[in-house]
1. Within region 33-53, can you find the residues that are free of Cβ contacts under 8 Å to residues at least 24 places away in the same chain, of a type in the set (S, T, N, Q) and not in a helix (DSSP H, G or I)?
2. Restricting attention to region 54-71, which residues are assigned to a loop (DSSP other than H, G, I, E, B) and touching a helix residue (DSSP H, G or I) at 6+ places or on another chain (Cβ under 8 Å)?
3. Out of everything in region 76-102 that is touching a Lys or Arg at 6+ places or on another chain (Cβ under 8 Å), modelled with pLDDT of 95 or more and not hydrophobic (A, V, I, L, M, F, W, C), what residue ends up being farthest from HIS29 (Cα to Cα)?
4. Here is a list: LYS25, LYS76. Which entry is under 12 Å from the mean Cα position of the chain (by Cα) and open to solvent by 40 Å² or more (accessible area, probe 1.4 Å)?
5. Taking VAL30, is it touching a residue at least 40 places away in the same chain (Cβ under 8 Å) and under 30 Å from TRP5 (Cα atoms)?
6. So VAL15 clears everything in (1) aliphatic (A, V, I, L, M); (2) at pLDDT 95 or above; (3) touching a Gly at 6+ places or on another chain (Cβ under 8 Å) except one condition, right? Which one?
7. In region 37-59, what count of residues is obtained for those that are open to solvent by less than 50 Å² (accessible area, probe 1.4 Å) and hydrophobic (A, V, I, L, M, F, W, C)?
8. Which one of GLU34, GLU52, GLU98, GLU16 is charged (D, E, K, R) and touching a Phe, Trp or Tyr at 6+ places or on another chain (Cβ under 7 Å)?
Amino acid sequence: MSGVWVFKNGVVRLVENAGECHSKKMLIHVASNEVMASYAVLERKLLQLGWERYYDDPNLLQYHKRSTVHLISLPKDFNKFKSMHMYDIVVKNRNEFEVRDL
């Protein structure tokens, strides 16, 4: 086995491709091939898909879809928008978004 052992959030995992640890990710809207480069762009797409903004927590941007139990919670600061948030959006919006390497 070759690769790099990465310890993050109390979990150790083997990364076969060391570049994977530091690769920059981006969230893409599949239909338009548009990069979600800001929360304004992302919010516009989410609203078009039927998501509604919640204003309960001033430290988070939250969206809920009435037809589901799903809640998307994002950090208020776009610089803290990480791949785990991107994958959460992808899972809750099948076939609408993708996460790609930069």
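The values are calculated or read from the model by the stated rules, or taken from the named source; none is laboratory data. Predicted model, so just to flag it, every value in this text is computed and none were measured. Cβ sites come from the backbone with ideal geometry, for glycine too, and all protein chains shown count toward neighbours. The accessibility values were calculated without ligands, DNA or RNA, using every heavy atom of the protein model including side chains. Shrake-Rupley method; radii C 1.70, N 1.55, O 1.52, S 1.80 Å.
1. The one that is free of Cβ contacts under 8 Å to residues at least 24 places away in the same chain, of a type in the set (S, T, N, Q) and not in a helix (DSSP H, G or I): ASN33.
2. Within region 54-71, THR68, HIS70 qualify.
3. Looking at residues that are touching a Lys or Arg at 6+ places or on another chain (Cβ under 8 Å), modelled with pLDDT of 95 or more and not hydrophobic (A, V, I, L, M, F, W, C), I get LYS92.
4. LYS25
5. No, not satisfied.
6. Tallying (1) aliphatic (A, V, I, L, M); (2) at pLDDT 95 or above; (3) touching a Gly at 6+ places or on another chain (Cβ under 8 Å), VAL15 fails exactly one: (2).
7. Looking only at that region, the number is 5.
8. After ruling out the rest, the residue left standing is GLU52.
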